[in-house]
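Following: one structure in structure tokens, then a few remarks.
The values are calculated or read from the model by the stated rules, or taken from the named source; none is laboratory data. Keep in mind that this is a model prediction, so the values were computed, not measured. Here the Cβ positions follow ideal geometry from the backbone for every residue, glycine too, while neighbour counts run over all protein chains shown.
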């Protein structure tokens, strides 16, 4: 009896300590398989007058060596154009197919945002939670999840203060990960750009911190969280988060190029949340349909993510939670994100009013970024 009583007391104390540790609640999420719903929501239009206009535009870009990649244009889930132009690997002359995956760069941010919003929907975290709740030694007070999501934290770019001086991360062949960056911030206290919530400043550090919060709350790696809670439930079977430990898990990966020079797999690729998702055009359309049908987050949270959180900048642009926003003079609100990282350029564009989707993945950086308004004109 005495032995059983001791075991009971220890068990109760253990459970209480888990409940009170940094006020973080660990829960498991019951995932619903939406694969059938997603597959039914996507179909191919055999003929559409816009197909030739879209193909002519990208064929010309390809011939002029201004584009090398995959495109997908859809309306109400119906695919208007889905094509490949060029090579997955310029050296081996491996031709691109619709199944090749690309580094999404900052188009990874919408996935990080959705993961955070799922935790909010589950009641596990709150938009007003500060970083100290999750990382007690974080040196800057008053930075909230809300500010991280909409780039109002004022923090500095980790790609700058980790890269130089060399004394901060001497061995550039050694992978740096999210926790390493958090440790560096706590150690050297990099200068901030602005006090929290002073103004909008787009900063990749915000999204590595959000990914780290997802890991802290879920108790699993960020890449595993996205697989279990976003990718697998909506049939995104060709998508993974790459962090330099899992290259062999990539599915038909492309090589990123600066003109004809291949980019190396740099040490900063170990940081995820701001970038890191490898995906395909079709998988991104599945993500788009899941957002449209509120399969990943509820409609209220989606509208919150798609709403302005800052003053307009650069003519009529803004930022929500993980999504860029702009007002089109003809088609209203455009929800989008672009990305660039080591040769890759990515575009996800959503014309809400007409439920039109544009996905463009490019693995050779040449010339200017594609003009978003011109891309919107192609489908209208």
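Points to keep in mind about this one:
- Options 38, 80: the member that is buried (at least 16 other Cβ atoms within 10 Å of the Cβ), in contact with a helix residue (DSSP H, G or I) (Cβ under 7 Å, 6 or more places away or on another chain), over 30 Å from residue 366 (Cβ atoms) and at pLDDT 95 or above: 38
- Against the test of being within 17 Å of residue 322 (Cβ to Cβ) and exposed (fewer than 15 other Cβ atoms within 10 Å of the Cβ), the options 298, 246, 229 yield a single qualifying residue, 298.
- Complete set of residues in region 142-178 that are in contact with a helix residue (DSSP H, G or I) (Cβ under 7 Å, 6 or more places away or on another chain), without any contact (Cβ under 8 Å) to a residue 60 or more places away in the chain and surrounded by fewer than 16 Cβ atoms within 10 Å (Cβ to Cβ): 168
- When the residues of region 333-379 are filtered to those that are at positive phi and under 19 Å from the mean Cα position of the chain (by Cα), the one that is surrounded by the most Cβ atoms within 10 Å (Cβ to Cβ) is 343.
- Residue, nearest to residue 89 (Cα to Cα), within region 50-76, restricted to residues that are free of Cβ contacts under 8 Å to residues at least 24 places away in the same chain and assigned to a helix (DSSP H, G or I): 63
- Of all residues in region 265-281, those satisfying the criterion of being part of a loop (DSSP other than H, G, I, E, B) and either in contact (Cβ under 8 Å) with a residue 24 or more places away in the chain or touching a strand residue (DSSP E or B) at 6+ places or on another chain (Cβ under 6 Å) (or both) are 266, 271, 272, 273, 274, 275, 276, 280.
- So residue 200, is it at pLDDT 95 or above and in a loop (DSSP other than H, G, I, E, B): yes
- The residues of region 362-380 that are part of a loop (DSSP other than H, G, I, E, B) and under 15 Å from residue 85 (Cβ atoms), listed by number, are 363, 366, 367, 370.
- Residue satisfying all of: in region 208-245; in contact with a strand residue (DSSP E or B) (Cβ under 8 Å, 6 or more places away or on another chain) and assigned to a helix (DSSP H, G or I); farthest from residue 268 (Cα to Cα) among these: 231
- Of all residues in region 188-207 being under 12 Å from residue 143 (Cβ atoms) and in contact with a strand residue (DSSP E or B) (Cβ under 9 Å, 6 or more places away or on another chain), the one that is surrounded by the fewest Cβ atoms within 10 Å (Cβ to Cβ): 197
- Identity of the residue in region 308-332, surrounded by 15 or more Cβ atoms within 10 Å (Cβ to Cβ) and assigned to a loop (DSSP other than H, G, I, E, B), that ends up farthest from the chain's Cα centre (by Cα): 331
- Condition met for residue 285 (outside any loop (DSSP other than H, G, I, E, B) and out of contact with any helix residue (DSSP H, G or I) (no Cβ under 7 Å at 6 or more places or on another chain)): yes
- Selection of region 80-100 for residues being in a strand (DSSP E or B) and within 22 Å of residue 339 (Cβ to Cβ) yields 81, 82, 83, 84, 85, 87, 88, 89.
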